[in-house]
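Notes follow the structure.
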Amino acid sequence: MQMQTEHAHEPPRGWMRWLLTTNHKEIGSLYLLFSLAMLFVGGIMALIIRAELFQPGLQLIQPEFFNQMTTMHGLIMVFGAVMPAFVGLANWMIPLQIGAPDMALPRLNNFSFWLLPIAFGLLLSTLWMEGGGPNFGWTFYAPLSTTYAPPSTSFFILSIHIAGISSILGAINIIATIFNMRTPGMRLMDMSLFVWTWLITAFLLVAVMPVLAGVVTMMLLDINFGTSFFNAAGGGDPVLFQHLFWFFGHPEVYIMILPAFGIVSLIVPTFARKRLFGYRSMVYATASIAILSFTVWAHHMFTVGLPLAAQLFFMYMTMLIAVPTGVKVFNWIATLFRGSISFEVPMLFALAFIVQFTIGGLSGVMLAIVPADYQYHDTYFVVAHFHYVLVPGALFAIIAGVYYWLPKWTGFYPSESLGKLHFWLSVIGVNLTFFPMHFSGLAGMPRRIPDYALQFADFNMVSSLGAFIFGLSQILLLIVIYRCVKGGKPAPAKPWEGAEGLEWTVPSPAPLHTFEQPPVFDPQRDSPSRA
Amino acid sequence: MRSVVGLLTIWLLWPLGVAAKEGEGVDYGSRWNMTTGVTELSREVHSLHMIIFAICVAIAVVVFGVMFWSLIRYRRSQNKKSAHFHESTAVEILWTAIPVVILVAMAVPATATLKKIYDASESEVDVLVTGYQWRWRYEYLNEGVSFFSNLSTPAEQIKNQQQKSDTYLLEVDEPLVVPVGTKVRFLLTSNDVIHSWWVPELAVKKDAVPGFINESWTRIEEPGTYRGQCAELCGRNHAFMPVEVKAVSQDEFQQFLAQKRAQAEAEKASESKQWSKDELMAKGEQVYATYCSACHQPQGQGLPPAFPALAGNANMIEASGLQGHIERVLYGKSGTAMPGFAETLSAADIAAVVTYERNAWGNDAGDVVQPETINTMLGGEK
Amino acid sequence: MSEQQRGVRKTLWQLSGLLVLMVIFTIALVPLYDVFCEVTGLNGKPRRVDDAALQAALSRSQQRPLQMQFVTRVGQGLPVQFRSQQAAQRPVVGGRNQTHFTFENQSDTDLLVRTVPSISPPEASPHILKIECFCFQEMVLKAGEKKQVGLMYLVGAKLPDHVAAVTLSYTVYPVADAPAVAEEASL
């Protein structure tokens, strides 16, 4: 009842409307715009890093600022760009895909969004504080991040807390929505894979964000209140920090990739004009990846001095994750097989995702092999690996999703020619940036260094050139989105002929309020798991 | 995508493991690939890497092959009508089982190699490796020899004012010297933050954790110089704390130890004489450049608030501040990045650097510290 | 609608329960980690000994070559000299062994210190049982004092056969609240 009366009100005008909005579409847009802004902030930091690394020697910035850039780049991309982008897509699309009028907790939704600008405003402000911003890497290993940290570290901890609360609230909202707001007749196994992957992601968030909060709280206590959780001098243990951090950190990695699986699992069938192969096994694979993600954290710590038995356990578990991940890739390819495939921009990004994510996955298998990992660990090989999963992986999936759903959001098709240009420049740029990093890493270049030995010079130059191509080509993304909001080829309710799902039953652009009456859903006809 | 395939092909066709020696810089064996290294284990790790890599490439070729073939064969213009199948339990089981088999095949040799790495038999030479911000300290246990190993690349090269040498950023003033054909055990720990001691050609990378001890070992087969770097972010000068290991014959190793001991003796002898101010200032400048200038900066201006300025530091220059100044250099400041140098610098070094700091960059304390004073403060132990 | 809201409320309660559980779990991880370390030897945390463990370890004493290496280190900012009497010794496996360490306070202030132990390789850690050790409590070093302390330890008979060299490291640190000399001289 409450929700209905809210709908009846005339929304406030101007900026107050955006500040107070409880509408899932508006909040979704806010999340997406915030994430886009952070993508550029973090991207500029990446370009500063790559500019310094263009040649050996220190040219542009000093090591302490370089360390702040690598740290901030990581934090902003992970917590400010990728995660909010997925939450934005979830806000927009989950209610539309399950036939709900809004999220289950609209006011909480507003609150969890507005925490984000506060968190990241605070985080960015540390750059101007005395002693500079965080400079200990996005993994902030103690004691570099406690005893030896700049004075601004307490603000960094506060901002992580705020961003964490935002994530937890967002996740709770998503779970409550999915469990309670599905249109009558829609069972869990009738939901789209995007909804499924987000449901599992949300559970991961609720499970591990408290661990992150706990870790940073212990840091705060160590720094300001004389405790010794991570301080050997006081009887603590710096390695405990790494165990706790990665207990959060590894599931976090999957938080950033599972929704991407969901997006690609919608786009591939649409443009192959063929139903997704193995819907059920996709759901099971996602769930097993999520569960296994709690048992592999120490593969980030193979050089820290674990007993042999522990090394073997974490090696085997890590290798095991390749199995459900492989199932996903095989299912996508089986979906393509004997389809009727067209290559619109969302499909191009989704296909590039499959290839590039697989490259990242394969280097992940290599990294799991402990003896070889002794040589890969903390080198550019690792940088190449996780960027392949996150940039040509997760980010490409997000961009694919944006191109896929833009017609629904704006009522216009995004420009196909600009989109294709954006795609090709991005693919070339991103691979030029990250592929050579495999080589520099294998040749022995450690990560997080502002200056390097001469034998790494060639590959670093290529990486830097690639980074600028990739970075600058994202301006095209801005242009495409701006033009698509302003106008273009009008899109019908279902702009892609092979698309399935309830979101395509509402007009384009989707009106502010949809599904105030639950839509009819017939599992025999509409379920992705139908016979 | 095509660029990936292209680069992958180039890499595969490149004679693997063969050094590409053109241009500048030293190679760890190869510029493209993991080094084969110079120990039995490093070769084993390399071949393990090549096997997994080959398997991964094979998987990629098959998977991408099927994918691209499907994309081309079943593109819209060729295939107007898509098929209807959307599941097959048999196929799903098959492509769950095959990866499991491949993974087991990878895990078997990996486990065998890992067990060899975890060998805890006795060694002939034990070296305690301690990470400092930002240098390594090597102590030959049972031999009474220890020293620091600092980056020796001049600041001018880093600032691009001078041609960079081939060993740019990979060279140190005093390399770790170990005998060939001998099991050398490294015990690793740290004085401040976590560092990671890495020499690619030995396939040894292990974290140095403050308060805790880790170990690793090697048996180098060929004499030579093997270079590496700190692999774990450890603060400002993380990029500037290389590792240089010199493998020599057993005889040369003994000579090296004897020479190090003699050097320490001579140093001790020089501590009893009275030094002139000029001598102290000259030595002090060297010590300062190696041990202090990274944080307190070449002109003593510091990087506040983390690293206080020494130039114009009133507390320090006052005559009454002398005692505190020496103690700070000797024992460091707990809870900050300032280490104590009592254990590691000689009394002459400490006397010289304190004298230098008090009388350089416009500081005008005017006083001179003699090595004897330092020795008295240390209870005559040194 | 109201049924839906009841459902939402129920989910909220359940998720809050999960959240609380995870918070408790996180806090519990700290002591759990210590227990885990003791059992597996992870990180070389040495074990405190109880009677049962002592008897089990003593059950059969054996002659086998084992090298026990002692490493001593002094934490940053502490004017203390800390030496092991023997750099290494060959302990009896399955029997009691003894060695000595000396601390010397080189300053003219009393110091409160704590010594942190660590054992490598981690596999050996559960089998090195300390009967008498200075490392479990804080210790006062008077100004200029030279103090000798003993360590009595036992190498468990179940020490894996492939472990032939064990390192026991001690790092002496200042206890934070104690007035350390280094703090007084304000640079």
Q.
Please go through segment B:35-80 and give me each residue that is in a loop (DSSP other than H, G, I, E, B) and of a type in the set (Lys, Arg), ordered by number.
A. B:Arg76, B:Lys80
Q.
Anything in segment A:325-350 that is open to solvent by 10 Å² or more (accessible area, probe 1.4 Å), more than 8 Å from chain B (Cβ to nearest Cβ) and not polar (S, T, N, Q)? List them, or say none.
A. A:Glu344, A:Leu348
Q. Can you spot a residue in segment A:406-422 that is outside the structural domain of A:Leu89 (by TED's automatic domain parsing), open to solvent by less than 10 Å² (accessible area, probe 1.4 Å), at pLDDT 95 or above and among the aromatic types (Phe, Trp, Tyr)?
A. no
Q.
Return the residues of segment A:158-190 that are more than 9 Å from chain C (Cβ to nearest Cβ), touching a residue at least 60 places away in the same chain (Cβ under 8 Å), part of a helix (DSSP H, G or I) and surrounded by fewer than 23 Cβ atoms within 10 Å (Cβ to Cβ); say none if nothing qualifies.
A. A:Leu169, A:Met189, A:Asp190
Q: Would you point out the residue of segment B:46-63, among those that are more than 7 Å from every other protein chain (Cβ to nearest Cβ) and open to solvent by less than 30 Å² (accessible area, probe 1.4 Å), that is nearest to A:Ile359 (Cα to Cα)?
A: B:Val57
Q | Failed condition for A:Phe353, given (1) touching a residue at least 24 places away in the same chain (Cβ under 8 Å); (2) open to solvent by 10 Å² or more (accessible area, probe 1.4 Å) | A | (2)
Q) Within the set of pairs 6+ apart or on separate chains, which have a first residue in segment A:284-307 that is closer than 25 Å to B:Lys206 by Cα, a second that is surrounded by fewer than 22 Cβ atoms within 10 Å (Cβ to Cβ) and of a type in the set (S, T, N, Q), and C-beta atoms under 6 Å apart? A) A:Pro307/C:Thr40
(Q) Residue under question is A:Gly249, and the condition is that it be over 30 Å from B:Arg76 (Cβ atoms) and not charged (D, E, K, R); does it hold? (A) yes
Q | Qualifying helices (runs of 4 or more DSSP H) (wholly inside segment A:39-133; at least 2 residues being within 14 Å of chain B (Cβ to nearest Cβ) and over 19 Å from the mean Cα position of the chain (by Cα)) | A | A:63-75
Q) Restricting attention to segment C:118-132, and to residues there that are surrounded by 19 or more Cβ atoms within 10 Å (Cβ to Cβ) and hydrophobic (A, V, I, L, M, F, W, C), which single residue is modelled with the highest pLDDT? A) C:Ile119
Q.
Could you go through segment B:131-139 and let me know if any residue there is over 24 Å from A:Ala372 (Cα atoms), modelled with pLDDT under 90 and assigned to a helix (DSSP H, G or I).
A. no
Q) Does segment B:277-290 include one or more residues that are open to solvent by 40 Å² or more (accessible area, probe 1.4 Å) and within 21 Å of A:Ala453 (Cβ to Cβ)? A) yes
Q: Please determine, by comparing only the residues of segment B:29-45 that are of a type in the set (A, V, I, L, M) and facing another protein chain (nearest Cβ under 9 Å), which one is surrounded by the most Cβ atoms within 10 Å (Cβ to Cβ).
A: B:Val45
Q: Go over the candidates A:Val268, A:Val253, A:Val283 one by one and state the one that is part of a helix (DSSP H, G or I), among the β-branched types (Val, Ile, Thr) and open to solvent by 10 Å² or more (accessible area, probe 1.4 Å).
A: A:Val253
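Can you give me the number of residues within segment B:312-351 that are closer than 27 Å to B:Trp136 by Cα and assigned to a loop (DSSP other than H, G, I, E, B)?
Residues in segment B:312-351 being closer than 27 Å to B:Trp136 by Cα and assigned to a loop (DSSP other than H, G, I, E, B): 15 in total.
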Q: Of the numbered conditions (1) outside any loop (DSSP other than H, G, I, E, B); (2) more than 8 Å from chain A (Cβ to nearest Cβ); (3) open to solvent by less than 10 Å² (accessible area, probe 1.4 Å), B:Leu114 fails exactly one; give the number of that condition.
A: (2)
Q. Is there a residue in segment C:99-117 that is open to solvent by less than 10 Å² (accessible area, probe 1.4 Å), within 14 Å of another protein chain (Cβ to nearest Cβ), modelled with pLDDT of 85 or more and over 30 Å from B:Val329 (Cβ atoms)?
A. no
Q | Criterion violated by A:Tyr482 - all others in (1) surrounded by fewer than 18 Cβ atoms within 10 Å (Cβ to Cβ); (2) within 19 Å of A:Ala384 (Cα to Cα); (3) more than 22 Å from the chain's Cα centre (by Cα) satisfied | A | (2)
**Q.** Subset of segment B:140-154 (residues that are over 18 Å from the mean Cα position of the chain (by Cα) and either modelled with pLDDT of 90 or more or open to solvent by less than 50 Å² (accessible area, probe 1.4 Å) (or both))
**A.** B:Leu141, B:Val145
Q) With segment A:338-442 as the region, which helices (runs of 4 or more DSSP H) entirely inside it contain at least 2 residues that are over 21 Å from B:Ser30 (Cβ atoms)? A) A:345-368, A:380-389, A:396-410, A:416-442
Q | segment A:485-496 residues that are closer than 15 Å to A:Leu96 by Cβ, paired with ones that are open to solvent by 50 Å² or more (accessible area, probe 1.4 Å) and among the β-branched types (Val, Ile, Thr) (beta carbon under 7 Å, 6 or more apart) | A | A:Ala493/A:Thr505
Q: Give, as residue ranges, the strands (runs of 3 or more DSSP E) completely inside segment C:96-168 that count at least 2 residues that are under 29 Å from B:Asp207 (Cα atoms) and among the aliphatic types (A, V, I, L, M).
A: C:111-120, C:128-132, C:146-155
(Q) Kindly evaluate B:Val91 against the criterion of being of a type in the set (A, V, I, L, M) and either in a loop (DSSP other than H, G, I, E, B) or more than 11 Å from chain A (Cβ to nearest Cβ) (or both). (A) no
**Q.** Single residue of segment B:120-130 satisfying the filter (out of contact with any Leu (no Cβ under 9 Å at 6 or more places or on another chain), within 9 Å of another protein chain (Cβ to nearest Cβ) and outside any strand (DSSP E or B)) that is most open to solvent (accessible area, probe 1.4 Å)
**A.** B:Ser121
**Q.** Counted residues, segment B:303-325 - those being facing chain C (nearest Cβ under 9 Å) and more than 13 Å from B:Asn363 (Cβ to Cβ)
**A.** 3
(Q) Suppose we filter segment B:352-382 for residues that are assigned to a loop (DSSP other than H, G, I, E, B) and either at positive phi or within 14 Å of another protein chain (Cβ to nearest Cβ) (or both); how many remain? (A) 10
Q. Is segment A:304-314 home to any residue that is open to solvent by less than 10 Å² (accessible area, probe 1.4 Å), more than 7 Å from every other protein chain (Cβ to nearest Cβ) and part of a helix (DSSP H, G or I)?
A. no
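The values are calculated or read from the model by the stated rules, or taken from the named source; none is laboratory data. Predicted, not measured: the structure shown is a model, and the values here were computed from it. A quick note on method: Cβ atoms are made from the backbone with ideal geometry, for glycine too, and the neighbour counts reach across all protein chains shown. Side chains included, ligands, DNA and RNA excluded: accessible areas come from the protein's heavy atoms. Shrake-Rupley method; radii C 1.70, N 1.55, O 1.52, S 1.80 Å.
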